[in-house]
1. Give me the distance in nm between label points sitting 7 Å out from Cα along the Cα-to-Cβ direction at residue 42 and residue 136, one decimal.
2. So what is the orientation-averaged projected area of the chain, using the convex hull of its C-alpha atoms, in nm²?
3. Which residue, 169, 112, 149, has the largest displacement toward the positive end of the dipole of the chain when charges sit on each Cβ (Lys, Arg +1; Asp, Glu -1)?
4. Over the chain, what is the mean sequence separation of C-alpha contacts under 8 Å (at least six apart), divided by residue count, expressed as relative contact order in percent?
5. Angle between the Cα long axis of helix 139-151 and the longest principal axis of the chain, 0 to 90 degrees, nearest 10?
6. On a 0 to 90° scale, report how tilted helix 29-38 is relative to the longest principal axis of the chain, with both axes built from alpha carbons and the result rounded to the nearest 10.
7. What is the extension gain from residue 225 to residue 33, computed as 0.36 nm multiplied by their sequence separation minus the C-alpha to C-alpha distance, in nm to one decimal?
8. With springs only between Cα atoms under 10 Å apart, run a GNM on the chain and tell me which of 64, 188, 26 wobbles the most.
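Read the figures in this text as sums done on the coordinates, not as results from a lab. A quick note: this is a predicted structure, and the numbers were derived from the prediction, not measured. Methodologically, a virtual Cβ is constructed for each residue, glycine included, from the backbone with ideal geometry; neighbour enumeration extends over all protein chains shown.
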Amino acid sequence: MANIQQLEQGPSGRQLVALKNQVVQGFTESHWRELGAITEMLDAVSRHPRLLRSLSWGDEDYEGHVLQMLKDMIDERSENYALMLDYIARTCPEGGEFISSFDNGARRIVFSPSAFAVPAENPDPNLISVMMPFSSSLSAVYDTIKTAASVAGFQCLRADDIWDDATVIQDVFSLIFRSYCVICDFTGRNPNVFYEAGIAHTLGKHVVPITQSAEDIPFDLRHHRYALYLNNGEGRDRLREELTIRLRSLAEKKVGVQWAK
């Protein structure tokens, strides 16, 4: 997902071509007219001498017209880029669905997991998932995380909040897949949380580590910033404040979201 600075600067050449490929695979004439209306360029789309005609007839020059029209929309108004990203992602999931929370124009990999079923739902930019041991001693910590998420404008869930599949791990994978951010509590060095953090990193999600002991953070992850907290009233209050700041920072990186300073 593009951050605010990237949206203001517009897409790189590689990102623009990727956007063009999604449109070529998934757009109908109705989609073009809707995008034209959203970007206030409906007249330009309707009056284009070749764009819709090339689409209708399957002409070889269609891709070139698509690329130019997308560029013209962005050049017309810089805010059109964010509008286009949102509309194309919702309209063309099969034409290049982007499940990562990052979009830095770098090389991407495509894979089909053998241990999980890919969820039918699209990723939700307003969803945070929490990976932590299922222990009553951490119930107050989860409540603290939910409060911070709510203040930052997110919905917060963990696997025991849902029961969509016969196996817990499928629900876990689906939840991570759909999330914009994944908070991982490494307290107690729970192997399930280690596994779930690996899934989140592989899917390109924002991962926020928290723990009651720095020694519980896996060696390979200690170069990442993490929140260290105490599981008492004062410690949870500090955790809530720290998480709220971090989650608001991540919210600013979502398309079309900015927080008042």
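1. Output for this residue pair reads 6.0 nm.
2. On the way: hull surface 63.4 nm².
Seen from a random direction, the Cα hull of the chain projects 15.8 nm² on average.
3. 149
4. Details: 350 pairs, mean separation 53.8, N = 261.
21 percent.
5. 30
6. It is inclined by approximately 70 degrees.
7. Details: separation 192, 0.36 × 192 = 69.12 nm, distance 4.50 nm.
Answer, rounded to one decimal: 64.6 nm.
8. So, out of 64, 188, 26, the one fluctuating most is 64.
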